[in-house]
Amino acid sequence: MKTKQILIVFFLAIFAIACNNQSGENYTVSGEIKGIAEGSHIQLIPVSHEMEEPLADTLVVNGKFTFKGNVEEPRAVMLKVKDGYGAKYIVLDNSTHIKIGGEITSSESNGNIYYDFSNVVVTGSPLTEYYTEQLNVRERMDELHKAYTTKYEDVSKALGTARREKNQQAIDSITASDEYKGLEQAEREFFTTVETSYKQIFLENKDTYWGPLLMITLMTYFTDDQKIWYEELSPEAKESFYGQKVHAELYPAGNLGSKVTEFTVKDQNGTEATFADLRQEKKYILLDFWASWCNPCLKEIPHLKNLYSQYQDKGFEIVSISIDQKEEDWKKKLEEVNLPWPNYLDRDGIATLYKVRAVPTMYLVDEQGVLVAENLRGEELDNKLAELFAEK
């Protein structure tokens, strides 16, 4: 009798699972996109400031691909071709069958493949439609950016040339010109417009998960300025999956004063080193996460070189770790920027261990591996190093 009861319960459970599957308690994404090579990997990458693994990965077979899965609440993802640039944003939602069609074009530059998804259409997903509508603000900002950069293109190029040639007289002349002052004013107005536009969208969606999701999507990283925006969110929005991610980024657990995670790296010649090795006989180490395509990272390099020259003999070290997807991109950029300190390619998820959400990200660590400061750049980093080495 007891065995029969167990069997009945077992078959009821199986029946319930089957019923759930038939009633659509999973998402399905079916695609047929021209321009993607047969056998290519198609991935669903979570929209996040962290370096996350693909939510799903499948192959193109006979020109088609399909994803099936389950999410506890709506999740925004980027549909991408593996190792390529360019994506289509969609929102996964149980009980929906999303269809994706159209055609993409591709181009190659410096060994990278770029895919244009502008002619790809998503149907069967009202959430994706709403998401796309909200993200249209980026196109408007791109148009504004293109307008002022085109207008002041000549002065920008001239200043770039003067800086590369280290022609201080030319730099001083250009930066004192009316045209350069016009460029500075245009930049200030542009970034004010971006901030105002983005804030308006966040606040219009502050009562649901859309608010924090759009914060994550539209902004590369957060500063303390966004804490005010977060506090405007409703309790429901704060408790959502994306609300919790925004909170974790804005209010990180206190890591200052704690030992950082150890790791092992290999340089471009294959030589292996641990972070403990790199700290030997050093007083402070700046752990710098960057990428060859990151303009803010590249702009920071001359400043870091000055600091390195100033403090290297006093026990200061910089360790740069690139998050580039391709080793060729990393090596090519190294030849261009000529970094005088140890630098490595992140082959083993070090950025994930350190919760790197955007680049540049920097951590200042002491000789014992204890975190003493994070994400200091420019004058703030200058002041911190001056303070630390004065104490030594």
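The values are calculated or read from the model by the stated rules, or taken from the named source; none is laboratory data. Remember, predicted model here, so these are calculated numbers, not experimental data. Don't worry about glycine lacking a Cβ; one is built from the backbone with ideal geometry, like all the others, and counts go over all protein chains shown. Side chains included, ligands, DNA and RNA excluded: accessible areas come from the protein's heavy atoms. Shrake-Rupley method; radii C 1.70, N 1.55, O 1.52, S 1.80 Å.
Would you mind telling me which numbered condition in (1) more than 29 Å from residue 249 (Cα to Cα); (2) part of a loop (DSSP other than H, G, I, E, B); (3) in contact with a helix residue (DSSP H, G or I) (Cβ under 9 Å, 6 or more places away or on another chain) residue 156 fails?
(2)
Could you tell me whether segment 182-205 includes any residue that is in contact with a helix residue (DSSP H, G or I) (Cβ under 9 Å, 6 or more places away or on another chain) and in a loop (DSSP other than H, G, I, E, B)?
Within segment 182-205 (the criterion being in contact with a helix residue (DSSP H, G or I) (Cβ under 9 Å, 6 or more places away or on another chain) and in a loop (DSSP other than H, G, I, E, B)), the answer is yes, since at least one residue qualifies.
Suppose we filter segment 321-365 for residues that are within 15 Å of residue 304 (Cα to Cα) and out of contact with any strand residue (DSSP E or B) (no Cβ under 9 Å at 6 or more places or on another chain); how many remain?
Qualifying residue count, segment 321-365: 2.
Name the single residue, out of those in segment 254-284 being touching a helix residue (DSSP H, G or I) at 6+ places or on another chain (Cβ under 7 Å) and aromatic (Phe, Trp, Tyr), that is surrounded by the fewest Cβ atoms within 10 Å (Cβ to Cβ).
So the residue we want is 263.
Does residue 172 satisfy the criteria of being open to solvent by 50 Å² or more (accessible area, probe 1.4 Å), in a helix (DSSP H, G or I), charged (D, E, K, R) and free of Cβ contacts under 8 Å to residues at least 60 places away in the same chain?
yes
Tally the residues that are open to solvent by 30 Å² or more (accessible area, probe 1.4 Å) and more than 18 Å from residue 280 (Cα to Cα), restricting the search to segment 363-392.
13
Report the residue count in segment 285-306 for those that are in contact with a strand residue (DSSP E or B) (Cβ under 7 Å, 6 or more places away or on another chain) and under 23 Å from residue 367 (Cα atoms). Write out each step before concluding.
Initially, segment 285-306 is screened for residues in contact with a strand residue (DSSP E or B) (Cβ under 7 Å, 6 or more places away or on another chain), giving 285-292, 297, 304.
Remaining after also requiring under 23 Å from residue 367 (Cα atoms): 285-290, 304.
Final tally of qualifying residues: 7.
Out of everything in segment 228-253 that is assigned to a loop (DSSP other than H, G, I, E, B) and not hydroxyl-bearing (Ser, Thr, Tyr), what residue ends up being most open to solvent (accessible area, probe 1.4 Å)?
232
Would you confirm whether or not segment 358-381 contains a residue that is touching a residue at least 24 places away in the same chain (Cβ under 8 Å) and under 23 Å from residue 84 (Cβ atoms)?
yes
Of all the strands (runs of 3 or more DSSP E) wholly in segment 273-392, which have at least 3 residues that are of a type outside the set (A, V, I, L, M, F, W, C) and closer than 30 Å to residue 164 by Cα?
316-322
Might you let me know whether segment 351-362 holds any residue that is at pLDDT 90 or above and crowded, with 19+ Cβ neighbours inside 10 Å?
yes
Which ones in segment 206-227 are open to solvent by 20 Å² or more (accessible area, probe 1.4 Å) and in a helix (DSSP H, G or I)?
Across segment 206-227, the qualifying residues are 210, 227.
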